[in-house]
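Structure first, then comments.
The values are calculated or read from the model by the stated rules, or taken from the named source; none is laboratory data. Keep in mind that what you see is a predicted model, and the values were worked out from it rather than measured. Cβ: placed from backbone, ideal geometry, glycine included. Neighbour counts: every protein chain shown. Keep in mind that these areas ignore ligands, DNA and RNA; they rest on the heavy atoms of the full protein, side chains included. Shrake-Rupley method; radii C 1.70, N 1.55, O 1.52, S 1.80 Å.
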Amino acid sequence: MSLSLRVLGTSAARPTVERNVSSLALIREGETLLFDCGEGTQRQMMRYGITFALDDIFFTHFHGDHVIGAIGLFRTLALQGRTETMRLWGPKGAKKMLNDAVHFGADRIPFPVEIAELEPGQRVARAGYAIVAFAAEHGGAPSLGYALVEEARKGEFNPDLARELNIPEGPLWGKLHKGESVALDDGRVIASSVLVGPPRSGRRVVLTGDTRPCDATVEIALGADVLVHEATFAEEEAERAAETGHSTAREAAEIAARAGVRQLVLTHLSARYSHDPQALLREAREKFENVVVARDGLEVDVPFVQPVVPAV
Ligand SMILES: [Zn+2]
Ligand SMILES: [Zn+2]
């Protein structure tokens, strides 16, 4: 079951020569979910091989650098003759803002568009995973972060032991793996727990959108595989970060450390760090080791973490 993320734009507020504005794709087993859609996102999708055949776009908030790309993307989808429903998700105000954006400059959109407003804590449940919205703190603007949270997986089946116990391979193995006990022809009854380990946790990827460092992020990112946190400024502009509802790289790293995530990806860089983000990386590393500053096109694979086998 593959899971990866592709960062499509990493610049705050406006594009630069090196970086486009905010958008990120999560790709899980062939299904693509888009998060934010800043100006020029459709070209970034083409450049980095992200399909237009996606059905969900989640918006963190409605500042132009996260939304304006929807206008162009919807023009293109209409020209391509799309017929499938597109579902748009966002915080309070989404219905008006997104309806205006997708109909801007178009006579009609020839495919259904559903727009839903999400509250913090609300889950969009899908087969095997959910997208969970959480409250970001971005000045006064209603803002959400999103977490992709996979369901726990079945425990691992032990085929060697099954053979040793002379349990015939086939449907009985399947039943045991599903948690059922099975009765064998020789009268033995085998409990599932004999052959199947404890359930294994699913993966978790957390995207903050624009935000001050906040407890809600720590809470939802506890033990996450990847945290994508905005880092608009370096410490020299800490005051400005606080004033404008953004985070410094060090603040983002402190959140990652508190949450105990595996990996931190920094994005949404102020234009002044666009060409050389070393200051952001250096300051973040002082608080959290496993961190990268995203560039446009960065791909992060999110594998299942193998359970640690205790030393005998
Ligand atoms: Zn922004
Ligand atoms: Zn913003």
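Just a yes or no: is a residue in region 279-290 in contact (Cβ under 8 Å) with a residue 60 or more places away in the chain and within 16 Å of ligand 1 (Cβ to nearest atom)?
Taking region 279-290 and keeping what is in contact (Cβ under 8 Å) with a residue 60 or more places away in the chain, we get none.
No - not one qualifying residue is present in region 279-290.
So which residues in region 56-98 are among the polar types (S, T, N, Q) and either in contact (Cβ under 8 Å) with a residue 40 or more places away in the chain or under 23 Å from GLY9 (Cα atoms) (or both)?
Our first condition is that a residue be among the polar types (S, T, N, Q); within region 56-98, this holds for 60, 76, 80, 83, 85.
Result: THR60, THR76.
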- If you check THR83, THR51, THR60, which single one turns out to be on the phi < 0 side of the Ramachandran plot, part of a loop (DSSP other than H, G, I, E, B) and in contact with a Gly (Cβ under 7 Å, 6 or more places away or on another chain)? THR60
- Residue among ILE115, ILE131 that alone is of a type in the set (A, V, I, L, M), closer than 30 Å to HIS103 by Cα and in contact with a helix residue (DSSP H, G or I) (Cβ under 6 Å, 6 or more places away or on another chain): ILE115
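To keep it simple, each residue is scored yes or no on (1) open to solvent by 60 Å² or more (accessible area, probe 1.4 Å); (2) over 18 Å from the mean Cα position of the chain (by Cα).
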| residue | (1), (2) |
| --- | --- |
| SER181 | yes, yes |
| ASP185 | yes, yes |
| ALA191 | no, yes |
| VAL194 | yes, yes |
| ARG200 | yes, yes |
| ARG204 | yes, no |
| LEU207 | no, no |
| THR217 | no, no |
- Query: (1) crowded, with 19+ Cβ neighbours inside 10 Å; (2) assigned to a loop (DSSP other than H, G, I, E, B); (3) within 15 Å of ligand 2 (Cβ to nearest atom): which one isn't true of ARG14, the others all being true?
  - Reply: (1)
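Across region 255-282, what is the number of residues that are surrounded by fewer than 23 Cβ atoms within 10 Å (Cβ to Cβ) and not in a loop (DSSP other than H, G, I, E, B)? Spell out how you get there, then give the answer.
Going through region 255-282, the residues surrounded by fewer than 23 Cβ atoms within 10 Å (Cβ to Cβ) turn out to be 257-260, 262-263, 270-272, 274-276, 278-279, 281-282.
This time we only want the ones that are not in a loop (DSSP other than H, G, I, E, B), so: 257-259, 263, 271-272, 278-279, 281-282.
Matching residues across region 255-282 total 10.
Find the residue count for region 229-239, including only residues that are of a type in the set (A, V, I, L, M) and open to solvent by less than 10 Å² (accessible area, probe 1.4 Å). Can you show your working first?
Here is the first cut: in region 229-239, the residues of a type in the set (A, V, I, L, M) are 231, 234, 238.
Cutting the leftovers down to open to solvent by less than 10 Å² (accessible area, probe 1.4 Å) gives us 231, 234.
So the count comes out to 2.
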- Query: When region 195-230 is examined, which residues are found to be over 18 Å from PRO142 (Cα atoms) and acidic (Asp, Glu)?
  - Reply: GLU219, ASP225
- Query: Within region 12-48, can you find the residues that are closer than 19 Å to VAL300 by Cα and more than 18 Å from the chain's Cα centre (by Cα)?
  - Reply: ARG19, ASN20, MET46, ARG47
- Given the conditions (1) under 26 Å from VAL149 (Cα atoms); (2) of a type in the set (S, T, N, Q); (3) more than 16 Å from ligand 2 (Cβ to nearest atom), report the number of the one that THR208 does not fulfil. (3)
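Which residue, of ALA242, ALA252, ALA224, is aliphatic (A, V, I, L, M), open to solvent by 10 Å² or more (accessible area, probe 1.4 Å) and not in a strand (DSSP E or B)?
Values: ALA252 fails: open to solvent by 10 Å² or more (accessible area, probe 1.4 Å); ALA224 fails: open to solvent by 10 Å² or more (accessible area, probe 1.4 Å).
Being aliphatic (A, V, I, L, M), open to solvent by 10 Å² or more (accessible area, probe 1.4 Å) and not in a strand (DSSP E or B) holds for just one of ALA242, ALA252, ALA224, which is ALA242.
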